[in-house]
1. With the requirement that a residue be farther than 19 Å from Gly25 by Cα and surrounded by fewer than 16 Cβ atoms within 10 Å (Cβ to Cβ), what does the stretch 39-51 give you?
2. Can you pull out every residue in the stretch 52-66 that is loosely packed, with under 15 Cβ neighbours inside 10 Å and closer than 15 Å to Gly6 by Cβ?
3. Would you confirm whether any residue within the stretch 90-99 is assigned by TED's automatic domain parsing to the domain that holds Ile4 and under 21 Å from the mean Cα position of the chain (by Cα)?
4. Just checking: which of the helices (runs of 4 or more DSSP H) contained wholly in the stretch 1-116 hold 1 or more residues that are under 30 Å from Thr143 (Cα atoms) and not polar (S, T, N, Q)?
5. For the condition modelled with pLDDT under 80, closer than 28 Å to Gln87 by Cα and of a type in the set (Phe, Trp, Tyr), what is the one hit in Phe99, Phe114?
6. Please enumerate the residues belonging to the stretch 119-137 that are without any contact (Cβ under 8 Å) to a residue 12 or more places away in the chain, in a helix (DSSP H, G or I) and not polar (S, T, N, Q).
Amino acid sequence: MNLIGGVIAGIASKVGAKLVGKVLGDRFGPAGGQLAETVVKEVAKRVGVPVEQLPEANEKELEDAVRNVETTMPEIIALWAKGLDGQFALLQAETEQGFWQSAWRWGWMYLLAFFWIWRIVVGPAMNAWGWPIELVDHAILLTLTTWFISLYMGGHTVKALGSSAIEAVKSMRGRQP
């Protein structure tokens, strides 16, 4: 995404699209990553190509798309800010409900981290030292982790995780002879 963002940022400075340039220039900090991704997707949608093919797109089409996205930047930024406000409101609501209402989230995080460390590091080390213990299958831990992710972060996170895994497998298969 950095290469594509750099290409679009260069075009934005060329055509005078200041807001697009600021977003892609990482001036919004780490939280602006989602906003930058949205801008890149909007440019790709207007060019009519997948995001990965933006560097090969016609420069004139890219310039027109960046100008078009620049005109809609106030609405895009407003939607992004509304999403941040919603996340903050959720955090405040959980905090107001007390400790036990939100403890399940961090409790599951630490419990899953403990299980994974035990399964990957501690358990095999104990078996290697001659203390035989039965280890939990990776599939069970992955299932528990996926359930937690879907409950904690919502189904879109699991969907994005699944598509990322599929793309990773496709790229690994593409590199094999």
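1. Applying the first criterion (farther than 19 Å from Gly25 by Cα) to the stretch 39-51 yields 45-50.
Lys45, Gly48, Pro50 - these are the residues of the stretch 39-51 that are farther than 19 Å from Gly25 by Cα and surrounded by fewer than 16 Cβ atoms within 10 Å (Cβ to Cβ).
2. Glu52, Pro55, Glu56, Glu59
3. yes
4. Numbers: elements: 2-15, 18-24, 33-47, 59-96.
It comes to 33-47, 59-96.
5. Values: Phe114 fails: modelled with pLDDT under 80.
One residue alone meets the criteria, Phe99.
6. Step one: of the stretch 119-137, the residues without any contact (Cβ under 8 Å) to a residue 12 or more places away in the chain are 120-122, 124-134, 137.
With in a helix (DSSP H, G or I) added as a condition, the list becomes 120-122, 124-128.
Selection gives Ile120, Val121, Val122, Pro124, Ala125, Met126, Ala128.
The values are calculated or read from the model by the stated rules, or taken from the named source; none is laboratory data. As the structure is a prediction and not an experimental result, all values here were calculated from the model. Ideal geometry is used to build each Cβ from the backbone, glycine not excepted, and the neighbour counts take in all protein chains shown.
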